[in-house]
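In what follows, a single structure is set out as structure tokens and then discussed.
Taken together, the values in this text are just the output of simple stated rules run on the coordinates, not laboratory data. Treat the numbers as computed from the prediction; the structure is a model and nothing was measured. All Cβ positions, glycine included, derive from the backbone under ideal geometry; neighbour counts span all protein chains shown.
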Amino acid sequence: MRKAKVFLLLPLAAHTFGFQPDPAILRKVYADALHRCERDYGANDARTAAAARDLGFYLKEKGDLKGAVPAFSEALRIDEANFGSSARQTLAGMIVLASVSPSIDAEALLRRAIAVPSLTPPLAVLAFSQLGDLRQAASDRIGAAAYWRQGLQQAETAFGHDSAEARNILNSLAQVVNARDSVELMDRALLSARHSLGDNHPETATCEVNLAQALLRAGRNAEAAKQARESIAIFETTLSAQHPRVAAAAGILAEALRTQGKTSEAEKYYRRALEIDRDAFGASDPLTRRDAAALTSLLRLSGRTQEARQLEREFPPSK
């Protein structure tokens, strides 16, 4: 959507000369460009809308969602006045504004968008996905599932059954349905990844991890362990033995082994997950602490209280 190519030269120059410009300076560049467009072309010109979008995307990228709201709002106001409320550009503006807005405002914008008959499938995927996220955040699992199912239909229409977009929604949907349905959805995602990416792709392995987690939730522990082992082997080959995705798979494998009474082997994988996440993220990261808590629990159940206490001193539980 960027129109003012001159703005793209700044990050390029920063990369070339080995320094990063002050974000405040870059923000001023985008803001000044918007003010010039307002002055030179007027508050309702399409070029002003483009400058407002540029500022909004920059602020969103920098994590300033509150600051991005007025920029995207201005762009949406201009587009709606110039092209109408059902135009593709206007609908895209509603969806991007929703992505930075408070949840109540976001839902209202997204509901407006999905009510428009001319909403294209690619935009519908974004709208339904965001609505599902908002409903999940509000602890409305049924509402989230309903939106994600609609988003899945749109994703398969727009991008195909084996698309990354469809797999992403399958993964989201699996988090809010019952254990049996979750396994079915993750199995579909894995088959999709194998068809489009092959058996030995890291994203295929990630789908295996997600399926292993669903199987574990369903009490199918031996199957969960098998899937987790396969994913670790792929990650080690395609990424590295110390990659955080290995830690995620190792943690699931450890839990599956523990539930089968294979305590010694479970401890090995709990420790591996802990070591990788500690080295990657630090001792105080929530993932590292989660790994430590799982290992501590195993040690206590095994009667190794002193070791458990030592681990708790090294990795204090989150309060």
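Tally Lys/Arg at +1 and Asp/Glu at -1 over every other residue whose Cβ is under 10 Å from the Cβ of TRP148; what's the total? Walk me through the numbers on the way to the answer.
Working: positive: ARG135, ARG149; negative: ASP133.
Overall, the nearby charge balance is +1.
Which value in Å is the Kirkwood Rh of the stretch 107-177 over different Cα pairs? Walk me through the numbers before you get to the answer.
On the way: mean 1/r = 0.0849 Å⁻¹.
Roughly 11.8 Å, rounded to one decimal.
Sorted by average packing, counted as other Cβ atoms within 10 angstrom per residue and highest first, what order do 151-158, 47-54 take?
Values: 151-158: 21.0, 47-54: 24.4.
Going from most to least packed, we get 47-54, 151-158.
If contacts are Cα pairs under 8 angstrom and at least 6 residues apart, what is the relative contact order of the stretch 107-177 in percent?
Working: 78 pairs, mean separation 20.3, N = 71.
That works out to 29 percent.
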How big is the Rg/Rh ratio for the chain, C-alpha atoms only, Rh by Kirkwood, two decimals? 1.06
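Once every DSSP H run of n ≥ 4 in the chain is given -39500 (n - 2.57) and the sum is divided by its residues, what mean residue ellipticity at 222 nm do you get, rounded to the nearest 500 deg cm²/dmol?
On the way: 16 runs with 247 residues, N = 319.
For the chain, the value works out to -25500 deg cm²/dmol.
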Mind checking which helices in the chain clear 20 Å along their axis (Cα) and have mean Kyte-Doolittle hydropathy of -1.0 or more, DSSP H runs only? 23-41, 46-61, 65-83, 121-137, 141-159, 179-197, 202-217, 221-238, 244-259, 286-301
Order these by the 10 Å Cβ neighbour count, fewest first: HIS243, HIS195. HIS195, HIS243
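Explain nothing, just the number: dipole magnitude of the stretch 182-319 about its Cα centre with +1 on each Lys and Arg Cβ and -1 on each Asp and Glu Cβ, in debye rounded to the nearest 20. Mind showing how you got there, number by number?
On the way: 20 positive and 19 negative charges, 100 e Å.
So the dipole magnitude of the stretch 182-319 works out to roughly 480 debye.
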Taking Cα pairs under 8 Å and at least six residues apart, what relative contact order does the chain come out at, in percent? 7
About its Cα centre, the stretch 107-177 carries a charge dipole, from +1 on Lys and Arg Cβ atoms and -1 on Asp and Glu Cβ atoms, whose size in debye to the nearest 20 is 180
Taking neighbour counts of Cβ atoms within 10 Å as a proxy for exposure, in what order, fewest first, do HIS35, HIS161 appear? HIS35, HIS161
In terms of Cα to Cα distance under 15 Å, which aspartates and glutamates are near enough to LYS62, apart from those fewer than 8 places away along the same chain? ASP22, ASP54
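Hey, what's the Cα Rg ratio for the stretch 110-241 versus the globular rule of thumb, 2.2 N^0.38 Å?
Computed over Cα atoms of the stretch 110-241, the ratio equals 1.11.
Quote the charge dipole size of the chain about the Cα centre in Debye, to the nearest 20; the model charges only the Cβ of Lys and Arg (+1) and of Asp and Glu (-1).
Details: 41 positive and 38 negative charges, 88 e Å.
Its charge dipole is roughly 420 debye.
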Note, GLN89: beta-carbon cut-off 11 Å, +1 each Lys/Arg, -1 each Asp/Glu, net 0
The alpha-carbon center of the stretch 23-42 and that of the stretch 56-116 are separated, in whole Å, by 19
Projected onto the charge dipole of the stretch 151-241 (+1 at Lys/Arg Cβ, -1 at Asp/Glu Cβ, origin at the Cα centre), which of ALA174, PHE235, PRO202 gives the Cα projection farthest towards the positive end? ALA174
Residue exposure sequence - TYR269, TYR58, TYR147, TYR41 - by fewest surrounding Cβ within 10 Å: TYR41, TYR58, TYR147, TYR269
